[in-house]
Amino acid sequence: MKYAPMILLVLAIISVAGNYPSRFGWGKDFTYSVCNTVLYLNPDSLSPILVRIPPGEYLHTLKFSGRTFQAYSSLWGWYEATCSVGGIEYSGFIQDRDLAYTYISLSDEGTDSLFVFRILGFNQEDDTFDGRASVIVDGEIIASLDHQPCWWSYSDGRAFNYDILAWFEDSSGFTGVRNLIALESYFPACGYPGRTDLLFWTDDGRLICGPRPPEESGEAYIFHNSVSVILPSDSTGIDEHIIFRINGEAYDEGTGLWEDFRNEIESYLWTGEGFEEKFLD
């Protein structure tokens, strides 16, 4: 496998009924498989199978076919795709539930490795969408972590209409951590909550989620909720700690001033297995 340069996959909305992840779009014409999946001749699971695709394979020329199907309480889409498996190029159709919504190359020392995040479907009990982060090395999933991204339902239906973005943060100051990955759930409009989670890829091959930060949101000229993250690598950071500075402010029309209604600090200690909340002096 050869990975293209890192490009973050942004999600776009296509209006259909029911619970559904947003369609791939905005000119992004490639992504990766996130599991053992199948490329079909036609957009139909009864269609002949062209090739079985291992996790982490590059898929090119993605295009929504207009065909959908139901699975895991969600409405999914069929996509045209081209891929190369065993040196042979194939063109056919793939289900978007088997595609990475965002990804980062973790390659080092000549080993093909990839961090991917996918949407699994709608969780009716929790009234949110389920997701899964995975690390793929040489075509095999070696670590996975079930993870619910931030999401807020609204009047147009239960659409996962958020962008999912990923990038690296500096992992120095955390013992036994190879990579620190920020995974952001973001909706580009006022009033919608958002959240940036931290995922830890450890030296011994584990994928661990950091402490869940408070959600951020803002309504123009009315209120703002913001979260600043302080890592050990920051000038005010503390080794083995994640610190959240949480600020909320609202606009007072009478005084014409912004006034704080929340100003808090949360601190968590990395134990090598997870995090414990700690109170700073």
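The values are calculated or read from the model by the stated rules, or taken from the named source; none is laboratory data. Here the structure is a predicted model, which means the values were calculated and not measured. Positions of Cβ are backbone-derived with ideal geometry, glycine not excepted, and every protein chain shown enters the neighbour counts.
Examine segment 261-271 for a residue that is under 24 Å from the mean Cα position of the chain (by Cα), part of a loop (DSSP other than H, G, I, E, B) and either at positive phi or in contact (Cβ under 8 Å) with a residue 60 or more places away in the chain (or both), and state whether such a residue exists. Within segment 261-271, not a single residue is under 24 Å from the mean Cα position of the chain (by Cα), part of a loop (DSSP other than H, G, I, E, B) and either at positive phi or in contact (Cβ under 8 Å) with a residue 60 or more places away in the chain (or both). Could you list all residues from segment 184-214 that are part of a loop (DSSP other than H, G, I, E, B) and farther than 16 Å from Phe244 by Cβ? Within segment 184-214, Phe187, Pro188, Ala189, Cys190, Gly191, Tyr192, Asp203, Asp204, Gly205, Arg206 meet the criteria.
In segment 263-279, the residue that is farthest from Asn225 (Cα to Cα) out of those that are among the charged types (D, E, K, R) and surrounded by 13 or more Cβ atoms within 10 Å (Cβ to Cβ) is Lys278. When Gly191, Gly205, Gly218, Gly176 are checked against the criterion of being in contact with a strand residue (DSSP E or B) (Cβ under 8 Å, 6 or more places away or on another chain), of a type outside the set (A, V, I, L, M) and surrounded by 15 or more Cβ atoms within 10 Å (Cβ to Cβ), Gly218 stands alone in meeting it. Per this entry, Gly139 is counted among residues that are over 25 Å from Trp270 (Cβ atoms), surrounded by fewer than 17 Cβ atoms within 10 Å (Cβ to Cβ) and of a type outside the set (Phe, Trp, Tyr).
Pairs are defined by a Cβ separation below 8 Å, a sequence spacing of at least 6 or placement on different chains, a first member in segment 137-152 that is without any contact (Cβ under 8 Å) to a residue 60 or more places away in the chain, and a second member that is outside any loop (DSSP other than H, G, I, E, B) and basic (Lys, Arg); the pairs so defined are Asp146/Arg132; Pro149/Arg195. Looking at segment 52-139, the strands (runs of 3 or more DSSP E) lying wholly inside it that each contain 2 or more residues that are under 25 Å from Trp201 (Cβ atoms) and touching a Lys or Arg at 6+ places or on another chain (Cβ under 9 Å) sit at 113-123, 128-137.
Quick grid of which residues meet (1) of a type in the set (S, T, N, Q); (2) assigned to a loop (DSSP other than H, G, I, E, B); (3) loosely packed, with under 12 Cβ neighbours inside 10 Å; (4) at pLDDT below 95:
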| site | (1), (2), (3), (4) |
| --- | --- |
| His224 | no, no, no, yes |
| Asp234 | no, yes, no, no |
| Ile242 | no, no, no, no |
| Asn247 | yes, no, no, yes |
| Gly254 | no, yes, yes, yes |
| Trp258 | no, no, no, yes |
| Asp281 | no, yes, yes, yes |
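One residue stands out in segment 122-136 among those that are touching a residue at least 12 places away in the same chain (Cβ under 8 Å), farther than 29 Å from Ser84 by Cβ and not hydroxyl-bearing (Ser, Thr, Tyr): the one that is surrounded by the most Cβ atoms within 10 Å (Cβ to Cβ), namely Phe129.
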